[in-house]
Amino acid sequence: QTGNEIRKIDAPAGISSIAYSPDGKILAFGSANGVQLREADTGKEIREIDTKNGIAGLIFAPDNKTLAVKGRDHVVRLFETNTGKALHDLGDPVALPPGVNAAFFGFGMPESRDVAFSHDSKMLATGGGQTLRFWTVANGKEQALAGGHRAGVSAVVLAADGKTMISRGADNVIRRWDADNGKELGQFQEPKGTTSVMFAPDGKTVALANLDGTIRLHAVADGKE
């Protein structure tokens, strides 16, 4: 309301990513090889989770029980929020360039936001490859692929209905998915010259910025402008 600083939380090794728990009580941030969990209201340390890999992104499950940590090696690691216990590793590691330290690789670069939980916290969708991949949180098993992008996935969001995932790929296609079973529901081609995408809070409309100086609004269900 005022713009005044409320508090400052220092991280000696720098911060690569950050996330609030859905209930607003926990602030998590990636620092070097670990994740720090702090009380959001006081900044007091709750616990530290050692990930042994540089951190590219963080996201809490809607029920606050699970924290997903995407490493610079592209593996998503699941941890129990209350204990810090490691649960599952999702995906296969991608080797970093020779001589690059995973702990510091990517600092100063944008966070990776291509990870999303389903509304009931039972499923996790990950991008970054040629398709959207769906995982069962309870056992870490991947569901069978169905359809998919033909180039890297750059964004994943959960629609407000809690039942639909929406993804954007470098193939310039917007795709819809059933969050419960990973089935592709539909797709449409972005207009030529699209530079960035923002989904409306209800997930029904997508705004597409274009090199020609326009912003185009499209219905996600059928792609109609």
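The values are calculated or read from the model by the stated rules, or taken from the named source; none is laboratory data. This is a predicted model, so every value here is computed, not measured. Note that each Cβ is placed from the backbone with ideal geometry, even for glycine, and that neighbours are counted across all protein chains shown. Side chains are part of the model used for accessible areas, which takes the heavy atoms of the whole protein and leaves out ligands, DNA and RNA. Shrake-Rupley method; radii C 1.70, N 1.55, O 1.52, S 1.80 Å.
Observations on the model:
- Residue-wise HN-Hα couplings along segment 63-78, as the Karplus relation 6.51 cos²θ - 1.76 cosθ + 1.60 with θ = phi - 60° gives them from phi, are 8, 6, 7, 10, 10, 9, 10, 8, x, 5, 8, 6, 7, 9, 10, 9 Hz; Gly and Pro carry x.
- Spacing of the two label points (7 Å from each Cα toward its C-beta) at Asp89 and Ala200, in nm: 4.3 nm
- Within-15-Å neighbourhood charge of Asp89 [Cβ basis; K, R +1; D, E -1]: +2
- Distance from segment 166-221 to segment 1-79 (C-alpha centre basis), Å: 28 Å
- For the residue pairs Lys25/Lys52; Lys141/Lys204; Lys163/Lys183; Lys122/Lys204; Lys8/Lys70; Lys65/Lys122, the C-alpha atoms sit more than 18 angstrom apart in Lys25/Lys52; Lys141/Lys204; Lys122/Lys204; Lys8/Lys70.
- Compactness of the chain, expressed as Rg and Dmax over alpha-carbon positions, Å: 18.0, 50
- Reference-scaled alpha-carbon Rg (2.2 N^0.38 Å with N residues) for segment 152-201: 1.11
- Charge tally in the Cβ shell below 9 Å around Arg77, where Lys, Arg are +1 and Asp, Glu are -1, Arg77 excluded: 0
- Ranked by the mean number of other Cβ atoms within 10 Å of their residues, highest first, the peptides 70-78, 4-12 fall in the order 70-78, 4-12.
- About the Cα centre, charge dipole magnitude for the chain (Lys/Arg +1, Asp/Glu -1 at Cβ), debye: 140 debye
- Among Asn82, Pro93, Asn53 the positive-end extreme of the charge dipole of the chain (Cβ point charges): Pro93
- Annotation: extensible slack from Lys52 through Asn139 equals 29.1 nm (criterion: 0.36 nm per residue apart, minus Cα-Cα distance).
- Split the accessible area of the chain by element, probe 1.4 Å, and carbon with sulfur accounts for 52%.
- Per residue, the chain exposes an accessible area of 53 Å² to a 1.4 Å probe, with every protein chain left in place.
- The local environment of Asp114, defined by Cβ-Cβ distances under 12 Å, has a net charge of +3 under the rule Lys, Arg +1 and Asp, Glu -1.
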